[in-house]
């Protein structure tokens, strides 16, 4: 006996097996990201008032990423429609676009990570605080060079939106004056920890989704010759996962970039 | 959903996996057939065997711990030198169990028993083998995902076992891995624990998706929802619990891993001091957050432990009472209610975190409410015994014992659910006694029953009945010897996770002090130790019986030796690849035993209906 | 034999789900619909960015507004791109249930945060 309803839908549920499976999996993913979002809410609501960062992200890059994912969601859907209408050439084109857009997303994301990891908060021995992008941190020199500013007190580090986009200036700080120096990695504060964890997990999902779509676009397309409907269902199911990844970003973007 | 009966197209019109016909099915060979198999029956047996090995290992851990509790600091007999050789002199100096080693044994005992032992055995092993057969399906909906879930489980188990041998030892912060302790312990064992948990969670999630999709999509024609055996319903709800409750723990585990390795402060509060110095972390985190996320899984997890067991007990009771289960509908609605309610009771594990009265009352109310469907299930099973022709074979003995043992476990949960009482009882041995009664003489007895019951279907032979009864009576007696005294110890205030067994708080150590642990309570440790050893010895007949009966057991001489109505017994023995030659047609409910007028005392679900040939009776004249 | 017994609503305008291979598809109108959805998604993104820059509101209010727009955005993606609107009610209700559930649980946890024991020395 063969496993039924792999391709044809079961009459009383109206869907085929893999679609039930992917929606169940997406329900579990909702709980996964939901738990992380609820951690964000709890940590933010419980934070000391005035000490939660605003405007620390590169809004331009974030908006571009939003565009990239939105367009990729559309191309994913169109790739599936192409399969349904048996236009394999269009499928290759649209999913090729999806893969390129996914690559663009990951590149932009790594650039954002690099920007954060090269941005430093420096506490000086005389009590002042400097912050900025590290330009020179050669251990042979007795100074560090940053592109940033001095802040009057620690509170001013947080709300960048309220301040009128101060122009960064080149600051040379002798190492002898540095009490402590830390870059904006996940260890720096909870906001960054959440940012790196949430976007990191999301990026892993983008990567995983691209691998699956890449497989279907490349070696997996053999199934198209023998069973186009089965292949179409696989494209649909992986497309649903991709749309979910876009859905998560729709919430990630405002929560991390706009609030 | 009721349309299933009528709106099915005939099976041969529905195309299955294309490519090649299955008429001449080639022999898959050893690797494809037994190791990398996608057949649900093989995977079920793989899960079962691996889980039983882990259960045994977890039991050894607790034996070592019970020695330490009864004789703190005394080298372990026979095994002591071996421990020192394997684990090093810091952990097991002179063959005695150090407090750190005790803690790691404790944490790993819990983790292994729950995640590597009971859940894989109850949910994955029995579920994989029996559920597709019971619903008339050829296999699970996603066979390769099934294989992947087993492999993820094995990998997770290996990671957990390996963690014993790394410098610093295995995880030591309890199976609950509370922060900040879990982050500040100087061992990478915690990170190993988290990675192992992520693999196990992945395995469970894949399994859960598979089960739910299978039960929804692959039921045979005529198998409506209300004709499903209760075991299938129990597995269905269990799968939903795993699907929705595990991901928050995965998220929390990821965050704790970040805390451990990337020095973030998700769960580390501002001002945390470690070893007398301010910890060099950013702070701002919340230890409570970990607890919320952990127990959000932790509570549905315990229902994952018990529901499949209740399903197994229901099947065996129905079969051995030769009558339908009383209250099938109540059972179904109760199990659905348990599934839903189990998500909103989690903070009863957190009563002592300083929560306010409003929220404590909320969780207390839901916790007491969830006891209602549990009692309904137990009552239905109990009432099913009334007026029955009970066959006292080994599976039935285990199921009969399950009922009062689960009763004790469940009833002792009530004081723990009540917030005021829990303030005293939290983290005492009372809690340990409560949950062990539910899981050990509860779930594990049901799992033993399932092994004895389904053994003839898997192998075509019965397990030895005499040694089965020896196994049963010895296990039953010694389970109670081990766990009953713990209630008394808990009521006296003995706390959990004390490497010296409470000696520090005993009357012997501080004579004349108020509220110390009296000698009578401390002496129970010795009883418990010997009870545990005897319990371990009682498993030897079972292990020998299991392996010996594979090749030398009494032949069953029938595909349906227990004369059962459910579908798994209507297949050849053992069921071939694809299970059924043609899709079975279901005509009736799962427990049609002793139907009046029928020549046998059981009517299988797929037995064809006898066409009615008697002429229609003309209507009676109206009576005035 | 095409399965005409499915209980899906026949949405003649926006064809999704398994009906696509049974009914002739107007590819151009499908493409146009996708374009509209993309524009709607981009507009709501721009709206969210604009709200975040409004000067005279405090962050909790802005956060609430932004999240509302995000929900609309999410509905667009889920409804049209994942063709949830033309899909079987079961998935719809399951997801709705999960969403309500999750919201309730979050609310519960936040409620718990501010519920402290009273009458103690420090509170």
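State whether the residues of the stretch B:233-256 include one that is part of a strand (DSSP E or B) and either in contact (Cβ under 8 Å) with a residue 24 or more places away in the chain or more than 29 Å from residue B:396 (Cβ to Cβ) (or both).
no
Looking at the stretch B:14-29, is at least one residue exposed (fewer than 13 other Cβ atoms within 10 Å of the Cβ) and either modelled with pLDDT of 80 or more or under 27 Å from the mean Cα position of the chain (by Cα) (or both)?
yes
Residues of the stretch B:477-490 being surrounded by fewer than 18 Cβ atoms within 10 Å (Cβ to Cβ) and touching a helix residue (DSSP H, G or I) at 6+ places or on another chain (Cβ under 6 Å), which ones?
B:481
Among the numbered criteria (1) farther than 24 Å from residue A:208 by Cα; (2) facing another protein chain (nearest Cβ under 8 Å), which one does residue A:33 miss?
Among (1) farther than 24 Å from residue A:208 by Cα; (2) facing another protein chain (nearest Cβ under 8 Å), residue A:33 violates only (1).
Do we have any residue at all in the stretch C:2-17 that's more than 9 Å from chain A (Cβ to nearest Cβ), under 15 Å from residue C:80 (Cβ atoms) and modelled with pLDDT of 50 or more?
For the stretch C:2-17, residues more than 9 Å from chain A (Cβ to nearest Cβ), under 15 Å from residue C:80 (Cβ atoms) and modelled with pLDDT of 50 or more: absent.
Looking only at residues that are without any contact (Cβ under 8 Å) to a residue 24 or more places away in the chain and outside any helix (DSSP H, G or I) in the stretch B:344-378, which one is surrounded by the most Cβ atoms within 10 Å (Cβ to Cβ)?
Per the stated criteria, the residue is B:355.
Would you confirm whether or not the stretch C:67-81 contains a residue that is within 8 Å of chain A (Cβ to nearest Cβ), outside any helix (DSSP H, G or I) and modelled with pLDDT of 85 or more?
No, every residue in the stretch C:67-81 fails to be within 8 Å of chain A (Cβ to nearest Cβ), outside any helix (DSSP H, G or I) and modelled with pLDDT of 85 or more.
Residue-wise test of (1) surrounded by fewer than 24 Cβ atoms within 10 Å (Cβ to Cβ); (2) over 19 Å from the mean Cα position of the chain (by Cα).
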| residue | (1), (2) |
| --- | --- |
| B:103 | yes, yes |
| B:119 | no, no |
| B:137 | no, yes |
| B:143 | yes, yes |
| B:154 | yes, no |
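Looking at (1) touching a helix residue (DSSP H, G or I) at 6+ places or on another chain (Cβ under 8 Å); (2) part of a helix (DSSP H, G or I), can you tell me which one residue B:389 breaks?
Of (1) touching a helix residue (DSSP H, G or I) at 6+ places or on another chain (Cβ under 8 Å); (2) part of a helix (DSSP H, G or I), only one is false for residue B:389: (2).
Filter the stretch B:329-342 down to the residues that are in contact (Cβ under 8 Å) with a residue 60 or more places away in the chain and surrounded by fewer than 21 Cβ atoms within 10 Å (Cβ to Cβ), then identify the one that is nearest to the chain's Cα centre (by Cα).
Filtering the stretch B:329-342 for residues that are in contact (Cβ under 8 Å) with a residue 60 or more places away in the chain and surrounded by fewer than 21 Cβ atoms within 10 Å (Cβ to Cβ), the one nearest to the chain's Cα centre (by Cα) comes out as B:336.
So for the stretch B:551-558 (the condition being surrounded by fewer than 18 Cβ atoms within 10 Å (Cβ to Cβ) and within 28 Å of the chain's Cα centre (by Cα)), does at least one residue qualify?
Among the residues of the stretch B:551-558, not one is surrounded by fewer than 18 Cβ atoms within 10 Å (Cβ to Cβ) and within 28 Å of the chain's Cα centre (by Cα), which makes the answer no.
Working only within the stretch A:53-98, note down all residues that are farther than 29 Å from residue A:229 by Cβ, more than 8 Å from every other protein chain (Cβ to nearest Cβ) and touching a residue at least 60 places away in the same chain (Cβ under 8 Å).
A:53, A:55, A:56, A:57, A:62, A:65
Mind counting the residues in the stretch A:135-158 that are part of a loop (DSSP other than H, G, I, E, B) and surrounded by 14 or more Cβ atoms within 10 Å (Cβ to Cβ)?
Total satisfying the criteria: 2.
Could you please give the count of residues in the stretch B:202-231 that are under 15 Å from the mean Cα position of the chain (by Cα) and closer than 17 Å to residue B:589 by Cα?
Total satisfying the criteria: 1.
For the stretch C:41-64, give me each residue that is modelled with pLDDT under 90, in a helix (DSSP H, G or I) and more than 18 Å from residue A:56 (Cα to Cα).
Result: C:61, C:64.
For residues that are in contact with a strand residue (DSSP E or B) (Cβ under 8 Å, 6 or more places away or on another chain) and buried (at least 17 other Cβ atoms within 10 Å of the Cβ), tally how many sit in the stretch A:101-122.
Total meeting the criteria: 5.
Determine whether residue B:109 is in a helix (DSSP H, G or I), closer than 26 Å to residue B:249 by Cα and touching a residue at least 12 places away in the same chain (Cβ under 8 Å).
It is true that residue B:109 is in a helix (DSSP H, G or I), closer than 26 Å to residue B:249 by Cα and touching a residue at least 12 places away in the same chain (Cβ under 8 Å).
Residues of the stretch B:72-87 being surrounded by 15 or more Cβ atoms within 10 Å (Cβ to Cβ) and without any contact (Cβ under 8 Å) to a residue 40 or more places away in the chain, which ones?
B:75, B:76, B:79, B:80, B:83, B:84
When the residues of the stretch A:188-199 are narrowed to those that are within 9 Å of chain B (Cβ to nearest Cβ) and in a helix (DSSP H, G or I), which ends up farthest from the chain's Cα centre (by Cα)?
If we take residues in the stretch A:188-199 being within 9 Å of chain B (Cβ to nearest Cβ) and in a helix (DSSP H, G or I), then A:190 is farthest from the chain's Cα centre (by Cα).
Which condition number in (1) more than 14 Å from chain B (Cβ to nearest Cβ); (2) surrounded by fewer than 23 Cβ atoms within 10 Å (Cβ to Cβ); (3) at pLDDT 90 or above; (4) touching a helix residue (DSSP H, G or I) at 6+ places or on another chain (Cβ under 7 Å) is the one that residue A:185 fails?
(1)
Just for the stretch A:39-52: of the residues that are at the interface with chain B (Cβ under 8 Å from one of its Cβ atoms) and assigned to a helix (DSSP H, G or I), which one is modelled with the lowest pLDDT?
A:42
When you scan the stretch A:9-26, do you find a residue that is more than 14 Å from chain B (Cβ to nearest Cβ), part of a loop (DSSP other than H, G, I, E, B), without any contact (Cβ under 8 Å) to a residue 60 or more places away in the chain and more than 21 Å from the chain's Cα centre (by Cα), even just one?
No, because not a single residue in the stretch A:9-26 is more than 14 Å from chain B (Cβ to nearest Cβ), part of a loop (DSSP other than H, G, I, E, B), without any contact (Cβ under 8 Å) to a residue 60 or more places away in the chain and more than 21 Å from the chain's Cα centre (by Cα).
Given (1) modelled with pLDDT of 85 or more; (2) not in a strand (DSSP E or B), where does residue A:180 come up short, assuming only one miss?
Status for residue A:180: all satisfied but (2).
Within the stretch B:37-48, work out how many residues are in a helix (DSSP H, G or I) and either without any contact (Cβ under 8 Å) to a residue 12 or more places away in the chain or more than 20 Å from the chain's Cα centre (by Cα) (or both).
Count: 1.
The values are calculated or read from the model by the stated rules, or taken from the named source; none is laboratory data. Values in this document were obtained by computation on a predicted structure and should not be read as measured data. Ideal geometry is used to build each Cβ from the backbone, glycine not excepted, and the neighbour counts take in all protein chains shown.
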